[in-house]
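*Asks:* Would you mind keeping the following structure in view while I ask a few things?
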Amino acid sequence: MEVENGEGQVQVHLKTKQEQYAVPDVPYAIEGSVSTTELNIFLNALLQSKGAESVDFDFLVFDEYLRGRLCDHLREKAISFEDSIEIEYVERFPAPEPQDCLLHDDWVSAVKASGKWILTGCYDNTLNIWTYKGKHKLTIPGHTAPIKAVDWISLDNENGRFVSTSQDQTAMMWQWNIASNAVECVSVCKGHERGVDSVCVSPDAQRFATGSWDTMLKIWSAELEDAGESTAKRAKESGVRTPRMTLQGHRESISAVQWMDNNTLLTGSWDHTLKVWDLNLEGIKTEISTNKSIFDASYSKLNNLIVTASADKNLRLYDARTNQGSVVRSTYLGHNAWVQTVMWSITEEFLFVSGAYDNQNKLWDCRSPKAPLYDLLGHGEKVLDIDWSNPKYIVSGGADNTVRVFKSSKATVENMETK
């Protein structure tokens, strides 16, 4: 069994779902010591015999990216070296390119992109609106303490509507007239008794949810006229809005909130749990217990998986549909400090991004737990929030008072093709 030491040969079949890169389905004998580099050379030699251009590939062996030598990967998976091994290859996702740096006056703790605009929230209590090109459009005062989260409610060519939450215990709804570049606070949402750490607008833009240090999850109307107010006239006059629903269940701060559909919410908390809430029943549908405080969580509609960020430097993957909710599907190693923020791609089924107190963003493929696809460098201080709502751009805010923008060349090419 010399192959176990990296010597000798392994028989492999090379498969791909990308038909344009298919090679003959015959067994190939390759050295057991090969890594991704040698496999790329071998595969491109096969493809160039058909006149194809050189392409960078990644290789999946038993559902996990090859990140070292093939023989080590097989030994770790307890696979016999006598077996014929199937290797799936996929075109490597291109590296996102650093773009502009948007300089603020204080820590940038909240970022959210929509269309061509980036909305940011800062520790100097202000909101800011920017273009991707780095042009500053507007500074919006109003909160009386640092901003912790922002989200867009709606956006068209004339108007933008968005919501912000703060350590001042309120959420504020805003209406922005794009032509006149004027903004007004539509309502102040009061009800939380501690700082409001997280916010998310429902897919139908009718409601939004907030999570707070008071451990409560609250649901609010996101409409301009809140028909549900019993004291509608008084509320309209004062601009104050009260919650439609308050849900109790967490024991510590709610650090993450996300709508899974119009009636289902995911929350993550410092109390080590993820909870899935059914708003029709006004209660908890599923609970996933973890052994770490959760600083952020993101659910993907493309794969029904949840990825979480924690203080122990790791990201973890859970299945939203399983009854064994505490079972970690994968653990992702790569950050050197507390991971503060995480978000799935909304177009790429396997990809997500994270930001941490090691001043780094990372782009991951969930099939590659041992290493990220790319480190997205630029921040000089800890990363506080990351967003990939626009497939073309990854944006992040940090304690270096900047927003960093990274352009995804793959999304750009695909969008150009569909225009």
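The values are calculated or read from the model by the stated rules, or taken from the named source; none is laboratory data. It should be emphasised that the depicted structure is a prediction, and the values quoted were computed from it without experimental measurement. Positions of Cβ are backbone-derived with ideal geometry, glycine not excepted, and every protein chain shown enters the neighbour counts. Keep in mind that these areas ignore ligands, DNA and RNA; they rest on the heavy atoms of the full protein, side chains included. Shrake-Rupley method; radii C 1.70, N 1.55, O 1.52, S 1.80 Å.
*Asks:* I'd like to check something: does region 108-116 contain any residue that is outside any strand (DSSP E or B), at pLDDT below 95 and in contact with a Leu (Cβ under 8 Å, 6 or more places away or on another chain)?
*Replies:* Within region 108-116, one or more residues are outside any strand (DSSP E or B), at pLDDT below 95 and in contact with a Leu (Cβ under 8 Å, 6 or more places away or on another chain).
*Asks:* A further question on this structure: Among 282, 287, which is surrounded by fewer than 16 Cβ atoms within 10 Å (Cβ to Cβ), farther than 19 Å from residue 199 by Cα and of a type outside the set (S, T, N, Q)?
*Replies:* When all the criteria are applied, what remains is 287.
*Asks:* Just give me the residues in region 139-171 being of a type outside the set (S, T, N, Q), assigned to a strand (DSSP E or B) and over 22 Å from residue 400 (Cβ atoms), in sequence order.
*Replies:* 151, 152, 153, 155, 160, 161, 162, 163, 171
*Asks:* Here's something else I'd like to know. What are the residues in region 117-133 that are open to solvent by less than 30 Å² (accessible area, probe 1.4 Å) and not in a strand (DSSP E or B), if any?
*Replies:* Answer for region 117-133, where residues must be open to solvent by less than 30 Å² (accessible area, probe 1.4 Å) and not in a strand (DSSP E or B): 126, 132.
*Asks:* Moving on. What are the pairs, 6+ residues apart or on separate chains, where a residue within region 56-73 that is without any contact (Cβ under 8 Å) to a residue 24 or more places away in the chain has its Cβ under 7 Å from a residue that is of a type in the set (Val, Ile, Thr)?
*Replies:* As it stands, the answer is 62/79; 73/61, since those pairs meet every condition given.
*Asks:* Test residue 396 against the stated conditions and say whether it is assigned to a strand (DSSP E or B) and open to solvent by less than 20 Å² (accessible area, probe 1.4 Å).
*Replies:* Against the criterion (assigned to a strand (DSSP E or B) and open to solvent by less than 20 Å² (accessible area, probe 1.4 Å)), residue 396 qualifies.
*Asks:* Might you check whether a residue that is open to solvent by 40 Å² or more (accessible area, probe 1.4 Å) and on the phi > 0 side of the Ramachandran plot occurs anywhere in region 149-167?
*Replies:* No.
*Asks:* Looking only at region 352-361, filter to residues that are part of a loop (DSSP other than H, G, I, E, B) and within 23 Å of residue 67 (Cβ to Cβ); which one of those is farthest from the chain's Cα centre (by Cα)?
*Replies:* In this case the residue turns out to be 358.
*Asks:* List the pairs whose first member sits in region 201-212 and is under 13 Å from residue 190 (Cα atoms), whose second member is open to solvent by 50 Å² or more (accessible area, probe 1.4 Å) and outside any strand (DSSP E or B), and whose Cβ atoms are under 9 Å apart, counting only residues at least 6 apart or on separate chains?
*Replies:* 212/169; 212/193; 212/194
*Asks:* Continuing with this model, one more query. Does residue 100 count as touching a residue at least 24 places away in the same chain (Cβ under 8 Å), touching an Asp or Glu at 6+ places or on another chain (Cβ under 9 Å), open to solvent by 40 Å² or more (accessible area, probe 1.4 Å) and closer than 19 Å to residue 383 by Cβ?
*Replies:* Taking the combined requirement at face value, the residue does not satisfy it.
*Asks:* With respect to the numbered conditions (1) surrounded by 13 or more Cβ atoms within 10 Å (Cβ to Cβ); (2) under 24 Å from residue 156 (Cα atoms), which one is the sole condition not fulfilled by residue 180?
*Replies:* (1)
*Asks:* Okay, moving on. Which condition does residue 271 not pass, out of (1) outside any strand (DSSP E or B); (2) surrounded by 14 or more Cβ atoms within 10 Å (Cβ to Cβ); (3) modelled with pLDDT under 95, if it passes all the others?
*Replies:* For residue 271, the exception is condition (3).
For every residue, the table says whether it meets (1) under 28 Å from residue 408 (Cβ atoms); (2) buried (at least 19 other Cβ atoms within 10 Å of the Cβ).
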{"position": "22", "(1), (2)": "yes, no"}
{"position": "32", "(1), (2)": "no, yes"}
{"position": "40", "(1), (2)": "yes, yes"}
{"position": "55", "(1), (2)": "yes, no"}
{"position": "71", "(1), (2)": "no, yes"}
{"position": "92", "(1), (2)": "yes, no"}
